[in-house]
1. For the structure I just gave you, tell me whether residue 28 is on the phi < 0 side of the Ramachandran plot, part of a helix (DSSP H, G or I) and surrounded by 11 or more Cβ atoms within 10 Å (Cβ to Cβ).
2. Can you report the number of residues in the stretch 1-25 which are touching a residue at least 24 places away in the same chain (Cβ under 8 Å) and in a helix (DSSP H, G or I)?
3. Name the one entry in 79, 143, 64 that is more than 27 Å from residue 10 (Cα to Cα), free of Cβ contacts under 8 Å to residues at least 60 places away in the same chain and in contact with a helix residue (DSSP H, G or I) (Cβ under 6 Å, 6 or more places away or on another chain).
4. Select, from 121, 41, the only residue that is in contact (Cβ under 8 Å) with a residue 40 or more places away in the chain, exposed (fewer than 14 other Cβ atoms within 10 Å of the Cβ) and under 28 Å from residue 2 (Cβ atoms).
5. Among the residues of the stretch 70-90, are any in a helix (DSSP H, G or I) and within 22 Å of the chain's Cα centre (by Cα)?
6. Condition check: touching a helix residue (DSSP H, G or I) at 6+ places or on another chain (Cβ under 7 Å) and at pLDDT 90 or above. Does residue 111 satisfy that?
């Protein structure tokens, strides 16, 4: 999708939000059904392909929905049973159980590094939102603390 298409899509989403007083995926999809809408090209209109994409998303949600209780200390925690396979590169799909990862130091460190990247990404997003709301000074120290912790653990980087 080129920059001009993204601009047109963004403009259309803003129009829908203004018209409806909010934005929902349902409203955007309704608009996208019109072949003249800039949103039209963002959807898969072949029902067979779209159904496959939807079912894959459902299976991904199902896989990551399983968890187990960890209670090696006085505190009990629920953690995911399946996580993204840290040995996979790029956007290759695949999951492994935490149990199968824990005995492999390289995979364990790679998994922790992936989790820290995800946390940092969310915190940087939070920091941007806080800045827009005039509250960045309350969030920035947390972002830096997480970065310091990750570096202190000497986790692998990309």
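The values are calculated or read from the model by the stated rules, or taken from the named source; none is laboratory data. Predicted, not measured: the structure shown is a model, and the values here were computed from it. Here the Cβ positions follow ideal geometry from the backbone for every residue, glycine too, while neighbour counts run over all protein chains shown.
1. It is true that residue 28 is on the phi < 0 side of the Ramachandran plot, part of a helix (DSSP H, G or I) and surrounded by 11 or more Cβ atoms within 10 Å (Cβ to Cβ).
2. Number of matching residues: 6.
3. Answer to the selection: 143.
4. 41
5. Keep residues of the stretch 70-90 that are in a helix (DSSP H, G or I), which gives none.
There is no residue in the stretch 70-90 that is in a helix (DSSP H, G or I) and within 22 Å of the chain's Cα centre (by Cα).
6. Details: touching a helix residue (DSSP H, G or I) at 6+ places or on another chain (Cβ under 7 Å): yes; at pLDDT 90 or above: yes.
Spelling it out, residue 111 is indeed touching a helix residue (DSSP H, G or I) at 6+ places or on another chain (Cβ under 7 Å) and at pLDDT 90 or above.
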